[in-house]
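The values are calculated or read from the model by the stated rules, or taken from the named source; none is laboratory data. Only a predicted model underlies this, so the values are computations on that prediction, with no experimental measurement involved. Note that we place each Cβ from the backbone using ideal geometry, even for glycine, and neighbour counts take in every protein chain shown. Calculation scope for accessible area: heavy atoms of the full protein, side chains included, ligands and nucleic acids excluded. Shrake-Rupley method; radii C 1.70, N 1.55, O 1.52, S 1.80 Å.
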Amino acid sequence: MTALDPDRSALLLVDIQPDFMPGGPLACHQGDAILEPVLELMQHRLFRHVVATQDWHPSGHISFASSHDGREPFESIELHGADQVLWPDHCVQGTPGAALHPSLPWEQADVIIRKGTDPQVDSYSGFRNNIGPDGERPPTGLAGWLRDRGVDTVYVCGLARDVCVLWTAEDAVRAGFTTYFLWGLTRPVDPATDPETRRALEQAGVERVNASQLR
Ligand code: VGL
Ligand code: ZN
């Protein structure tokens, strides 16, 4: 990896919210272990551009198992022609579990992208919704926001490694950004998916890096 150019690089902090922490309804394995190193990275102020995403569902969201009669969390259904995992209720708009995690300095974030707000469509990536009823994945505007500021490189971290951080990294590449995955600053819903996640990142051309390599 090359030296970080602060003007052309953005830090993307994906879904660092209490509902994804141990004890929360959609806990990531050791999700709280990222909080200290993410704080440390933010305190270094290496990036001119800092973006947060926030999973932000209306109650009764289509991705909730509770919205489908006879379905249990972590079952899959077909939705708009694609596989959809049904999740426990999580990140309901305005609830404490949906807040950006209170232990981090969110005043540093230049923009907060809220996603998953369409009642009928899930949204894992910070760049685009999942596939909708029309077969499209509408952009959130994040790619344009970054390009307009001269950003060509993104560093992604947050939760969950195997869901929203992975999808954000894959879409970042498709949108033309050089993309780095801060592996140690992510945790998965399911640790058994780690080898698969590594393969997906390699296939997408995303390099895994440690925060300590960034100084
Ligand atoms: C996420 C599942 C459902 C995530 C969000 O942030 O990774 N996962 N909604
Ligand atoms: Zn969600």
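Just a few scattered comments:
- Computed lengthening from GLN30 to THR95, 0.36 nm per intervening residue step minus Cα-Cα distance: 21.2 nm
- Distant-in-sequence amide contacts of PHE64, defined by a placed amide H-H separation under 5 Å and a gap of 5 or more residues or a different chain, comprise TRP87.
- Once the 1.4 Å probe is applied to the protein heavy atoms, the range 1-101 comes out at 45 Å² accessible per residue.
- Mean Cβ count within 10 Å, highest first, over the residues of peptides 97-110, 144-157, 180-193: 180-193, 144-157, 97-110
- Proximal charge balance of LEU185 [Cβ under 13 Å; K/R count +1, D/E count -1]: -1
- Whole-percent carbon and sulfur share, accessible surface of the chain, 1.4 Å: 46 percent
- Per-pair calculated FRET efficiency, R0 = 30 Å: GLN213 and ARG71 via Cβ, rounded to 0.05: 0.10
- Length-normalised contact order for the chain - Cα pairs under 8 Å, 6+ apart - percent: 24 percent
- Scanning residues 5 or more positions from GLU207 or on other chains, those with amide H under 5 Å from its amide H are THR179, PHE181, with H placed 1.01 Å from N in the peptide plane.
- Contour minus Cα-Cα distance for ASP5 and GLU40 (0.36 nm per residue): 10.7 nm
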